[in-house]
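Scroll down for the structure; my scribbles are underneath it.
None of the figures in this text is laboratory data; all of them are computed from the coordinates on show. Since the structure is predicted, the reported quantities are computational estimates derived from the model, not experimental observations. Because the Cβ atoms are built from the backbone with ideal geometry, glycine has one as well, and the counts that use them run over all protein chains shown.
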Amino acid sequence: MRQVRFLLAAAFAMTAISAHAAWPDDRPIEVYVGFAAGGGTDLLARAMTPFLQKHLGGKARIVVVNKPGASGEIAYSALSRAAADGYTIGIVSTPSLLTIPIQRKPKYDPASIVPLARVIDDPTMFVVAGDSKLASMADLVKQLKANPEGLSMGSNGIGTNGHMAALALQQATGARVNHIPFAGTSQTKTSLLGHHIDVMAMSTTEFTEADRASKDVKLLAQLGNERRPGLVADVPTAREQKLDITISSERGFAAPRGLPPEIAKRLQDAIEATTKDPEFLARAVNEARGISYLSGAAWTQHMATQRGKFESLWKIASTK
């Protein structure tokens, strides 16, 4: 009996080794994206995919799978339930990854999702339609205080960087903000251009070259600690306009807990190599402006320091 158990254990071990040896060439790797096509998270995934395939080598194939809704929770839940075999990874975003458990009991165990690497640190911006009478943060605050809740601000969902930016504006000014959540940035922008909302909060890298050339939108402020060269260096920060608001969207890759260390390392190495790949940086112009690589361990530690900030902002939402 003991010999049978030994043989079975050996067989299972050999099967696992064989599966690991075949990865990632035997079937596609799926990348779950928790937001609609056209937003910053989706664009990052699609821009990086060819280069991740390149740096994984062999016959690696990567497919982006959009699972929008619930500020990313649908995708995070699916990722947490996926097999930890390297064939399912996801792009996760903060604040949403951190704020969902603050808002409510999530449909997944937060500890079941393990960061592989941060790729982007992307300041949020306040944007208005090109024909808006608002031209500065001072104009925005004045209108907010004159007509509480009369000004609507759209974002890419509850608990996202856009929502946190709206709450931070409320915290800094004491003025109520009528926050309108959408399923993604592209829908929010459509609503802004249709004059259904007054302001939108969006990530800097989502502001495309076409937006820069267009007169349909204009920027009021970026919410970084300082102006970022290569992003929108001509747009003043909120701090420069006497409002202490700093909110960014951090995006990177994560995997289900239990991923074999050798697969995790190959994925991390491919992600880091992509962020340094000259061809990727030349092609993905918008995404390249926000590159700020952190290893999975370093990003996990950084997230722990960010959680308290988001908890404080969420208290504002819960008292509305």
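Annotations for the structure displayed:
- For segment 129-247, Kirkwood radius (reciprocal of mean inverse C-alpha pair distance, Å): 14.3
- Long-range amide H partners of V114 with built H, under 5 Å: A255, R257
- When each of the peptides 83-95, 201-213 is scored by how many other beta carbons lie within 10 Å of its residues on average, the order from highest to lowest is 83-95, 201-213.
- A helix-only calculation puts the chain at -13500 deg cm²/dmol for mean residue ellipticity at 222 nm, using -39500 (n - 2.57) for each DSSP H run of at least four residues, averaged over all residues.
- Debye intensity ratio I(q)/I(0), log10, segment 108-180, q values 0.22 Å⁻¹ (C-alpha model): -1.03
- Rg/Rh for the chain stands at 1.03; both radii use Cα atoms, and Rh follows the Kirkwood definition.
- Against the chain, whose longest principal axis comes from its Cα atoms, helix 161-173 is set at around 40 degrees.
- Under 15 Å from the Cα of K142 - aspartates and glutamates, other chains or at least 8 residues apart: D198
- Convex hull volume of segment 171-307 per residue (C-alpha atoms, cubic angstrom): 153
- Judged by the mean number of other Cβ atoms found within 10 Å, the most tightly packed of the peptides 257-264, 159-166 leads the ranking 159-166, 257-264.
- Per the Debye calculation on segment 102-149 with a single equal scatterer at every Cα and no solvent contribution, log₁₀ I(q)/I(0) for q = 0.20, 0.33 Å⁻¹ amounts to -0.81, -1.17.
- Pairs from K105/K315; K59/K265; K133/K189 whose Cα-Cα separation, in the structure shown, is over 21 Å: none
- Karplus 3J(HN,Hα) series, Hz, for segment 133-143 with 6.51 cos²θ - 1.76 cosθ + 1.60 (x for Gly, Pro): 6, 7, 10, 7, 5, 4, 4, 4, 5, 4, 5
- Relative packing of peptides 113-123, 138-148 - highest average C-beta neighbours within 10 Å first: 113-123, 138-148
- Spatial extent of segment 233-320: Rg and Dmax, with the Cα atoms as the point set, Å: 17.3, 49
- For the chain, built as a Gaussian network whose Cα springs stay under 10 Å, the top-fluctuating residue of P24, P50, P181: P50
- Filtered trypsin sites (Lys or Arg not before Pro), segment 52-82: DSSP coil and at most 11 other beta carbons within 10 Å: K59
- Amide H contacts under 5 Å for I62: I29, restricted to partners 5 or more places along the chain or on a different chain, H placed in the peptide plane at 1.01 Å from N.
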